[in-house]
Every structure is written in structure tokens, then in C-alpha cells.
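> My structure is below; once you've seen it, I'll send some questions.
The values are calculated or read from the model by the stated rules, or taken from the named source; none is laboratory data. Bear in mind that the values here come from a model prediction, so they are computed numbers and not experimental data. Note that each Cβ is placed from the backbone with ideal geometry, even for glycine, and that neighbours are counted across all protein chains shown. Heavy atoms of the whole protein, side chains included, go into the accessibility calculation; ligands, DNA and RNA do not. Shrake-Rupley method; radii C 1.70, N 1.55, O 1.52, S 1.80 Å.
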Amino acid sequence: MIPFALPRIDQKIIDEVTAVLKSGWLTTGPKTKLFETKLTEYTGCKSTLCLNSATAGLELMLRWYGVGEGDEVILPAYTYTATANVIMHCGAKPVFVDVNENDFNINISAIEKAITEKTKVIMPVDFAGFPCDYDAINSLVRRADIKSKFNATSAEQKQLGRILILSDAAHSLGATYKGKKTGSVTDITVFSFHAVKNLTTAEGGAVSLNLPDPFDNVTVYQYLCIKSLHGQNKDALSKVQKGNWRYNIIEAGYKWNMTDISAAMGLVELERYDSDHLPRRKHIVNRYMELLKGYSWAELPIFLKDNNSTESSYHLFPLRIKGVTEEQRDGIIREIFNKEVSVNVHFIPVPMMEFYQRKGYDVKNYPVAYNNYSHEISLPIFHDLSDTQINTVIKAVVDSVQSVIKP
């Protein structure tokens, strides 16, 4: 069976993790701090905080901004549930909007229509690794008429004076938007290093801070370190310094820190990310595109835009099958699996989930999101997927489609 996603655990990663295990320093320590520095350099942001997940990063930043009961956060209906769940955790209301047909990303006009005096945050999602239109989103929240609706209720909200852009870039580390790396294109960006992501630390995530003046991003980082570690004013690395054992708890914080074991994996992957990992994923995508371009039923995804200055991270290959129903799509997936190839669907729109249905959300209000989902099949992409396996995947897809939608 060809897997859908497979993390690269080679000898270099094994050696680095082993070195950490032998060092006696397993939790947040020198490797994590180095990983944060390297990520800041890589993305071009102002400061980076590493955590145990992207989900933790999203919730941390909502709470930092003072989002709570009575507030609204705008997000696409087409995303993974984590994007919405963190809003619920804060006691705020998720306001879903529809997405674009071509790139699956949040629709700018839909955002504008959804903004009210209760809106505190917009959470765009870089679907499949392709960046959202951040120039348009950034400009929207800075418009005088939009800023006039903003009702600041926390010190951070008063300092920013407008809706915060919190990018869910779980898929898009290494992507570029008009020549700039994701992580440096809006206020705050959150990455995922989950096991199936391009760069994995087994579990993990990072917050890239890029807040405008008068914010001091390093000061914000220092506070987030406290908030993400029980509200403790010193981490374990600080406390082992001679005579520095005494600490204080300044708030009831959370346990969201990254371990040095995870950071060791991340450092290896980041060092070879642009030279090795991304080129391999791009090669796989280009092979898929070449092998599928002759089929009239194949709606191919977008990976490049703006004269190639906007480029995906090649995280997913979201193939759409033209003219099929959701049931036919499901039948095609079953046939592909019967041919020993694993595929997936990204995503079931969040308003289709039972919990959110009980809250009154209905996918009928997001027709583009449902239409994209109903005929989407994600094909395998991982570093060690061979060209022979690529050919096997495409043959399985073609034969399965043709068996379900007979001419």
C-alpha cells in the first residue's frame, strides 16, 4: 500500500534526536531556542515562539489579544476543525465565510460582508500550502470605515486599533507571497509541524510575530513564553543557572511549550528544507500535473500565481474531479484504496461537523466550500515517494475515475 503521507525519519534525524536524549536535556532548552532563532531567520518575521502544536499557537494568540465572550472571529468554512475549535475554547463565536473556487482560500468579499462591531480577529487559512491574498486582507482591516467599526476591549486591541490578522499557515511553511516568505506577510502567522506536515517535529508548531509599531515583538515573545508555560516567569533553562532557582507565577497560564527532542528534528529539517525537501515535493507535484493534464475530468490545483512570486509550499495535491457528486467521489476513493493507494480528502467543511451543526451552522450557506469538498481527492505527497510510485498513484486514480464515471 502506498501511504498518503510518510515523515522522513532518516539517520541524520535519528542521530540528532539521540544526541538530545543523551544530553539529559529533553524539555524546552537550547535546541528549542535555536530552532526559534533559525525560524525567525528563515521566515523573515520579527520573533518566533515554538510550541507543542499549531492549535496551541492559535489559541494562545487569541487569548493574548483578549478575545472572549461576545467577540467574533472570521474564518473560512473550508478548514480543519482546529481553526474553529480554538475560537470556541475562548468563548467567542466563529463566523464562517465562503472560499474561492480556484484556490480554496478565504473569499475577501465574504470577509468584508461578515465584519461587525464584534469582529476582533480574521483567521485566513493557507489551504494546501497556497498563501491567501494578504495584501487584500491587510488593506481591508486598515480601511477607515472598517477601523471605525472596531470596538477595542483589551490593552492589546487598543494598541493595534483594528482587527488582528492571525494566519493559520499550518500548511504553508516555505511558501512565498509576492516574494516574501509566509510568516512575514501579516500580523501573526502560526505554523504546524505535525507528523504529516512538510517539516515535522512529530508534534509541534510555531508562532511568527510580525506585529507593527508600536508593538515590541521581542517583548511580546517574552510574555508569550510565560503564558505558554503555566504563567511561570522562568523556564527550566533559566532556572538551572546558578542561584536562579526561585520563580513566580504571574497568571494562570497553559502547558504549550515545545521539547528539545522535537526541536532537534525541526533543526535538521529546516536546514535542508529549501535545498532538498521543497524541491522534491515540487517534483512530485509537477509529475502529477504532467500525467493528469490530458484528462478532461481533472481539475488541477494552483501552485503558482503573480508571475511566480506567489508559490505554494506543495503541502497537498487537491485534485478535483469535474462533474461528480459527493457519492461518486466517495466511490472513486474506495476504488483507489482497492488498488493499494492511500488518498485523503481536505477538508470536510467545519459546518458539516455534528458539533457545529448543533450550534446552528449549515453548510448550505457556504456553497463554494461544499462544492470544492464534494469532488476533491488529495493525492499522496511525501519526500520519499518514488517516481514509480507516482505512476502507480496516477494509474490508480485514472482507472478508478473511469470505472465510476463511465463515458
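> Add -39500 (n - 2.57) for each DSSP H run of 4 or more in the chain, then divide by its residues: what number comes out at 222 nm, to the nearest 500 deg cm²/dmol?
Value at 222 nm, helices only, nearest 500: -11500 deg cm²/dmol.
> Could I have the simple spin-label model distance between Asp362 and Lys406, label points 7 Å from Cα toward Cβ, reported in nm to one decimal?
3.8
> For segment 335-407, which whole percent of the accessible surface, found with a 1.4 angstrom probe, sits on carbon and sulfur atoms?
51
> If the convex hull of the alpha-carbon atoms of segment 340-407 is projected onto planes in all directions, what is the mean projected area in square nanometres?
If you wrap the Cα atoms of segment 340-407 in a convex hull and average its projections, you get 6.6 nm².
> Going down the list Lys120/Lys180; Lys305/Lys364; Lys46/Lys93; Lys181/Lys227; Lys113/Lys255, which pairs span over 32 Å between their C-alpha atoms?
Distance filter (> 32 Å) returns Lys113/Lys255.
> What's the angle, to the nearest 10 degrees (0 to 90), between helix 11-23's Cα axis and the longest principal axis of the chain?
20
> What angle, in degrees between 0 and 90 and rounded to the nearest 10, separates the Cα long axis of helix 217-227 from the longest principal axis of the Cα atoms of the chain?
Relative to the chain, helix 217-227 is tipped by roughly 90 degrees.
> Relative to the present Cα-Cα distance, how much length would full extension add between Asn248 and Thr325 at 0.36 nm per residue of separation?
21.9 nm
> Please check: in the Gaussian network model of the chain (C-alpha springs, under 10 Å), which one of Ala92, Ala136, Ala263 has the largest mean-square fluctuation.
Greatest mean-square fluctuation among the candidates belongs to Ala136.
> Around Ser374, under 13 Å between beta carbons, what's the net of Lys plus Arg minus Asp minus Glu among the other residues?
Cβ neighbours under 13 Å give a net charge of -2.
> Under a 10 Å cutoff between Cα atoms, tell me which one of Ser172, Ser275, Ser109 has the largest fluctuation in the Gaussian network model of the chain.
In this elastic network of the chain, the residue with the biggest mean-square fluctuation among Ser172, Ser275, Ser109 is Ser275.
> Let's see if you can work this out: charge +1 on each Lys and Arg Cβ, -1 on each Asp and Glu Cβ, no other charges. What is the dipole magnitude of the chain about its Cα centre, in debye to the nearest 20?
Here the size comes out at about 660 debye.
> So, one more: With +1 on each Lys and Arg Cβ and -1 on each Asp and Glu Cβ, and nothing else charged, work out how big the dipole of segment 22-62 is about its Cα centre, in Debye to the nearest 20.
200
> Give the dimensionless ratio obtained when the Cα radius of gyration of segment 9-55 is divided by 2.2 N^0.38 Å.
Ratio of Cα Rg to 2.2 N^0.38 Å: 1.31.
> Out of every Cα pair in the chain, what percent are spaced more than 29 Å from each other?
That fraction is 46 percent.
> Over what distance in Å are the Cα centres of segment 227-297 and segment 70-144 separated?
Cα centroid of segment 227-297 versus Cα centroid of segment 70-144: 24 Å apart.
> When the Debye formula is applied to the Cα atoms of segment 268-407, each taken as the same point scatterer, what base-10 log of I(q)/I(0) results at q = 0.12, 0.18, 0.19 Å⁻¹?
Debye intensities relative to I(0), on a log10 scale: -0.56, -1.08, -1.15.
> In addition: At a Förster distance of 51 Å, what's the computed FRET efficiency of Ala202 paired with Ala144, Cβ-Cβ distance as r, to 0.05?
Once rounded, the FRET efficiency stands at 0.65.
> For the chain, set up a Gaussian network in which alpha carbons nearer than 10 Å are linked by springs, and say which option among Lys242, Lys359, Lys282 fluctuates the most.
Lys242
> Placing unit charges on C-beta atoms (Lys and Arg positive, Asp and Glu negative, everything else neutral), compute the dipole magnitude of segment 128-187 about its Cα centre in debye, rounded to 20.
Once rounded to the nearest 20, the dipole reads 200 debye.
> Mind checking the full-extension length gain between Gln241 and Ser386? Use 0.36 nm per residue of separation minus the Cα-Cα distance, one decimal, nm.
Separation in residues times 0.36 nm, less the Cα-Cα distance, equals 47.3 nm.
> How many percent of all Cα-Cα pairs in segment 185-314 sit more than 27 Å apart?
Roughly 42 percent, rounded to a whole number.
> What is the Rg over Rh value, at two decimals, for segment 257-342, using alpha-carbon atoms and the Kirkwood definition of Rh?
That ratio equals 1.09.
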